[in-house]
Amino acid sequence: MKMMTGRKLGSVAALVLVGILCQIFFFKRLLQGYANDEPTQQTQIYYKKSPPSGNGVIPDDSLQQPITNNELFDPLERPMAARDIFTMTPLEVCGRMGAISPQKEQQIINYFTNQCPLRHKQIAFDDPIFLIEGQDPYGRTGNKLLGFLHALEKARKTGRVVAIVIDSWALPVLTNFFFAIKERDFEGWQEQMEKIFCIKLLTSEEVPKYTDVVRKDAKDIFMYTGESDDGIEGYIEFQTYHIRNLLRHYNDGEGLNSQKKPVRNMCISLDEIFGHDTRTQVYSVIHSRSFNSRPLERKAGMDQLKRIALKSGCDPVAALEMSPEYVKAILKPIGMLQHPIVLITDGQDLSVAERLLNDPEISPNLRLVPNRAKWVGSDITLAIMSNVFIGNPASTFSGFIAKSRLALGFDNTFMFRAQNEKGQWVNVCDDRCIFSKRIMKSMA
């Protein structure tokens with residue numbers, strides 16, 4: 001009995017000794033880890049910084065690789081996107097998927113967020129800012145959206161940060177369509193806007209505190225581009241990056257705009273026209289922009305199209321008239337006459353709709369947006385997410401749609417067409433022409 005007890009005690013002592021040794025080994029490894037600042041194993045993936053290229057184009061070899069061992073960045077040194085977005089979900093709008101890969105989009109996000117001057121610090125009162133203020137916008141929806149994008153580009157080129165006065169014209173334009181304030185969380189919304197666009201939102205009372213300010217009115221901001229296409233690839237990359245930032249946060253009818261008014265649903269036209277088939281429906285969109293509200297506006301619009309035609313080689317009137325022959329020359333060769341064709345219009349010239357309705361090949365599948373669902377925001381998403389888009393290059397609304405489609409990786413956008421020597425309608429300028437400052441000037 002005593003022998004059995006001694007054996008048990010010996011076994012227990014051995015187990016205790018083994019436990020003590022394991023604890024000593026564990027704490028020794030732990031202390032070594034702290035001393036050497038070794039990262040512990042984790043499922044979260046961080047990414048190496050991408051070296052910026054001189055022309056602003058993301059290098060082909062800059063796709064971030066997972067970091068191991070001591071290459072892991074300190075939390076303040078890691079790229080903002082890598083800290084905040086670990087698994088990029090495919091970009092979808094109203095249930096329809098974009099064509100850009102999540103890996104490519106993540107690469108671009110990391111690249112541009114690394115360049116944000118506010119990534120590691122709060123803006124100081126003596127930092128250079130490009131101020132958007134005033135309540136008078138310039139032009140219609142397309143002009144306003146392009147004005148915001150132009151401001152971001154101008155600030156990037158001049159080493160400034162865009163600062164937007166909260167009660168200025170810019171924020172209602174953006175928040176009517178994108179970035180609604182959810183659950184009245186104004187502070188969270190402001191932080192999100194500032195981080196994603198690398199901007200600063202200010203109250204009118206805060207503006208006088210800043211000492212290095214460039215001020216431009218809405219027209220001057222819109223008109224900024226220049227006429228040179230030097231560095232156009234970088235310009236396209238930067239603009240499409242921010243367009244995707246907008247589209248990832250389209251309004252679904254919930255929340256408020258910056259003026260505390262309820263927002264509308266950007267998907268309502270798609271839902272009303274296609275119902276449960278919204279995700280998979282194959283369809284085309286025609287945008288008819290007539291410039292018919294006033295004689296001077298019509299003349300300016302027609303002159304604009306003629307000027308673009310001289311630079312690009314497109315027909316000077318076809319995109320304005322949208323004749324059945326012009327539309328069929330696009331849709332028939334790619335088999336789209338058998339699918340729905342949705343007409344969106346400014347409502348000023350019904351002759352385009354009448355001609356298309358009277359055409360026996362187009363009319364069976366021609367759809368008009370129901371009045372209860374029709375508004376500018378739903379027209380935008382309806383057109384951007386279509387399989388085929390036919391637009392007018394002299395319209396900034398068509399232009400924003402075309403740019404957004406390129407941002408999402410879509411093709412089959414028809415803006416620049418002309419007849420060749422055989423009388424056949426062909427593309428005379430590729431999808432990037434809508435960004436060309438030489439061709440589009442301030443509309444680029």
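Since every read-out is calculated from the coordinates, none of them should be taken as a lab result. Keep in mind that what you see is a predicted model, and the values were worked out from it rather than measured. Note that we place each Cβ from the backbone using ideal geometry, even for glycine, and neighbour counts take in every protein chain shown.
Computed over the Cα atoms of segment 329-425, what is the ratio Rg over Rh, Rh following Kirkwood? On the Cα set of segment 329-425, Rg over Rh gives 0.95. With 19 Å as the limit, the listed pairs Lys219/Lys261; Lys121/Lys195; Lys195/Lys403; Lys200/Lys441; Lys328/Lys437; Lys182/Lys261 have Lys219/Lys261; Lys195/Lys403; Lys200/Lys441; Lys328/Lys437 beyond it between alpha carbons. With all pairs of different C-alpha atoms in the average, the Kirkwood value for the hydrodynamic radius of segment 117-159 is 12.2 Å. Across segment 240-349, C-alpha contacts under 8 Å between residues 6 or more apart give a mean separation that, scaled by the residue count, equals a relative contact order of 28 percent. Please compute the net charge surrounding Glu205, taking Lys and Arg as +1 and Asp and Glu as -1 over other residues with Cβ under 13 Å from its Cβ. Result for the local shell: -2.
Computed over segment 272-401, the quotient of the alpha carbon radius of gyration and 2.2 N^0.38 Å is 1.04.
Other residues with beta-carbon under 12 Å from the beta-carbon of Cys116 carry, at +1 per Lys or Arg and -1 per Asp or Glu, a net charge of +4. For segment 323-390, the relative contact order works out to 35 percent when only alpha carbon pairs closer than 8 Å and six or more residues apart are counted.
The residues packed around Gly255, meaning those with a beta-carbon under 14 Å from its beta-carbon, carry a net charge of +1 if Lys and Arg are +1 and Asp and Glu are -1. Using DSSP to call loops (not H, G, I, E or B), can you name the chymotrypsin sites (Phe, Trp or Tyr not before Pro) in segment 309-403 whose Cβ has at most 14 other Cβ atoms within 10 angstrom? Answer by residue number: there is no such site. In summary, the convex hull built on the alpha carbon positions of segment 119-197 has an orientation-averaged projected area of 5.8 nm². Across segment 164-215, the mean sequence separation of Cα contacts (distance under 8 Å, 6 or more residues apart), normalised by length, yields a relative contact order of 47 percent.
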